[in-house]
1. Inside segment 1-25, can you point out the residues that are assigned to a loop (DSSP other than H, G, I, E, B) and at pLDDT 90 or above?
2. Every residue in segment 15-30 that is touching a Phe, Trp or Tyr at 6+ places or on another chain (Cβ under 9 Å) and of a type outside the set (A, V, I, L, M), please.
3. Are any residues in segment 133-142 closer than 10 Å to Y62 by Cα and not aliphatic (A, V, I, L, M), and if so, which ones?
4. Does segment 26-41 contain any residue that is among the basic types (K, R), out of contact with any strand residue (DSSP E or B) (no Cβ under 8 Å at 6 or more places or on another chain) and not in a helix (DSSP H, G or I)?
5. Out of the residues in segment 129-139 that are modelled with pLDDT of 90 or more and out of contact with any Ser or Thr (no Cβ under 7 Å at 6 or more places or on another chain), which is farthest from P91 (Cα to Cα)?
6. Hey, could you check segment 77-113 for residues that are open to solvent by 60 Å² or more (accessible area, probe 1.4 Å) and charged (D, E, K, R) and say which is nearest to K158 (Cα to Cα)?
7. Pull out all pairs, ordered by first then second residue, where Cβ-Cβ is under 9 Å, the residues are six or more apart or on different chains, the first lies in segment 7-28 and is farther than 22 Å from E94 by Cβ, and the second is at pLDDT below 90 and not in a loop (DSSP other than H, G, I, E, B).
8. Cβ-Cβ under 8 Å, sequence separation 6+ or interchain: first residue in segment 31-48 and closer than 14 Å to R145 by Cβ, partner of a type in the set (D, E, K, R) and open to solvent by less than 30 Å² (accessible area, probe 1.4 Å). Which pairs?
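The values are calculated or read from the model by the stated rules, or taken from the named source; none is laboratory data. Just so it is clear, the model here is predicted, and its values are computed rather than measured. Positions of Cβ are generated from backbone atoms using ideal geometry, with glycine treated the same way; all protein chains shown enter the neighbour counts. Remember, those area values only see protein heavy atoms, side chains included, never the ligands or the DNA or RNA. Shrake-Rupley method; radii C 1.70, N 1.55, O 1.52, S 1.80 Å.
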Amino acid sequence: MKSHYENITDNYLFHYFPGTIQELLATVKKSGSKFIKSVVAPVCHSLVDELAKKGINIGDEYKHVIDNSAINHILECHGIPEKELQRGQLPVKEEDIIHIPNIVNEYDCFSISKNKRGQDVIIYQKSTENEDVYYYVEEIRVGRRELAAQTMYKKNGKLTDANREPMQSSDSSAILLCKYSETFETSKEIGSDD
């Protein structure tokens, strides 16, 4: 017998998964390669306003989304302890992915850059209670009006003005926007370590 979700998706190219992030993670494990996309959160007005000040215009109808490909990428490329420790990072676990709505709505700062394909991306930085820092990257998809998950990683250490990390591609300037200060610096290309 098919689940409610399978019946919905059989009739459309795709349909947003109706459950929670926890339910999405469980479904992704069982679904194999079947395409599944979920709305994580609507965009907050402050993000829309801050992006507009920097020349990136998105509307209130945009939504933060994540799909099975992004989840698999995050866990396979940034969830292996040995690999992440060599990079100076902490492994991302399923429990970390559950924090994405908080990261996009309560970020400490974000930077704007471009990915390998030249698309605008937003890199959020969010401190945790354990003094770890989440880095969550979303691609801006204008046609679909989505901010789509691209990758996520985690580092140990408290986020301070001195260690905030703007990231950029080699041919553009990264802009770091923080709730407490504004900094303009350069760093690495998005997707170069993925």
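1. Scanning segment 1-25 gives P18, G19, T20.
2. Matches in segment 15-30: H15, F17, P18, G19, E23, T27.
3. Result: R141, single match.
4. yes
5. Among residues in segment 129-139 that are modelled with pLDDT of 90 or more and out of contact with any Ser or Thr (no Cβ under 7 Å at 6 or more places or on another chain), the one farthest from P91 (Cα to Cα) is E139.
6. Only one residue fits best here, namely E106.
7. H15/Y5; H15/I8; H15/T9
8. Between residues of segment 31-48 that are closer than 14 Å to R145 by Cβ and residues that are of a type in the set (D, E, K, R) and open to solvent by less than 30 Å² (accessible area, probe 1.4 Å), the close pairs are K37/D67.
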